[in-house]
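> Pasting in a structure now, in structure tokens, and then I'll have a few things to ask.
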Amino acid sequence: MTDPNKGAKITLYWYGPLPTIAPHRIHANLPESRLAQSRSHRILWLLEALHLTYELKIYHRGADKLAPRELKEIHPLGKSPVITVQPATSGEGPVEAAPKPIVLAESGLIIEYLLDHYGANADHPLIPERYAAGTEAGTVGGETESWLRYRYYLHYAEGSLMPFLVMQLVMDSTLPFPEDSLDI
């Protein structure tokens, strides 16, 4: 069996409780709690869907609901999710010659990176063919309709749809107006 990670070591840095993804393929004994008010669970789901082996480092939010300061040691924004991808070494030269880990923050970038490098690992490939058969790669207008649709929905979630979802989250978290204060 080939290595789905292509020799790379992937680490997911996470804070807060984990979402329920049962059963976890890699980490079968993870707690089954839900991550509230976060879209970060998409990264964990994608790692599982791509059959990637990964290390999971969990950090807990403080009483202020913010990420712990330790996350700033991994990425200056100190937020989650963040993944590091340690590329495979060539096997030549000293251990010190190992490539520097790639640090990725922002779930959209992480998703694109994982799909670009590991998208064929899923039970059913998650990325459609980019160019039609017989079309030279890089040809403007040569993309397949399914690939353009895939890219549209990949960005739709963070672009057009997200403002509505955030507004709903804000409205759901506000306290109701007290009826007894309506002295008319």
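The values are calculated or read from the model by the stated rules, or taken from the named source; none is laboratory data. Quick caveat: nothing in here was measured; it's all calculated off a predicted structure. All Cβ positions, even for glycine, are placed from backbone atoms using ideal geometry, and neighbour counts span all protein chains on display.
> Just to be sure I understand, how many residues within the stretch 113-140 are more than 16 Å from residue 44 (Cβ to Cβ) and in contact with a helix residue (DSSP H, G or I) (Cβ under 7 Å, 6 or more places away or on another chain)?
5
Conditions tested, residue by residue: (1) surrounded by fewer than 18 Cβ atoms within 10 Å (Cβ to Cβ); (2) without any contact (Cβ under 8 Å) to a residue 24 or more places away in the chain; (3) in contact with a Phe, Trp or Tyr (Cβ under 6 Å, 6 or more places away or on another chain); (4) not in a helix (DSSP H, G or I).
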position: 48; (1), (2), (3), (4): yes, no, no, no
position: 56; (1), (2), (3), (4): yes, no, no, yes
position: 62; (1), (2), (3), (4): yes, yes, no, yes
position: 67; (1), (2), (3), (4): no, no, yes, yes
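> Next question. Looking only at the stretch 37-46, filter to residues that are at pLDDT 80 or above and surrounded by fewer than 18 Cβ atoms within 10 Å (Cβ to Cβ); which one of those is farthest from the chain's Cα centre (by Cα)?
45
> Taking into account only those residues within the stretch 159-184 that are within 22 Å of residue 115 (Cα to Cα) and not polar (S, T, N, Q), which is modelled with the highest pLDDT?
159
> Something else: Got at least one residue in the stretch 113-129 being touching a Gly at 6+ places or on another chain (Cβ under 8 Å) and modelled with pLDDT of 85 or more?
yes
> If only one of 105, 88, 120 is crowded, with 16+ Cβ neighbours inside 10 Å and assigned by TED's automatic domain parsing to the domain that holds residue 45, which one is it?
Unique residue meeting the criteria: 105.
> Hey, does the stretch 138-158 have a residue that's surrounded by 12 or more Cβ atoms within 10 Å (Cβ to Cβ), modelled with pLDDT of 90 or more and touching a strand residue (DSSP E or B) at 6+ places or on another chain (Cβ under 6 Å)?
The answer is yes, given that some residue of the stretch 138-158 is surrounded by 12 or more Cβ atoms within 10 Å (Cβ to Cβ), modelled with pLDDT of 90 or more and touching a strand residue (DSSP E or B) at 6+ places or on another chain (Cβ under 6 Å).
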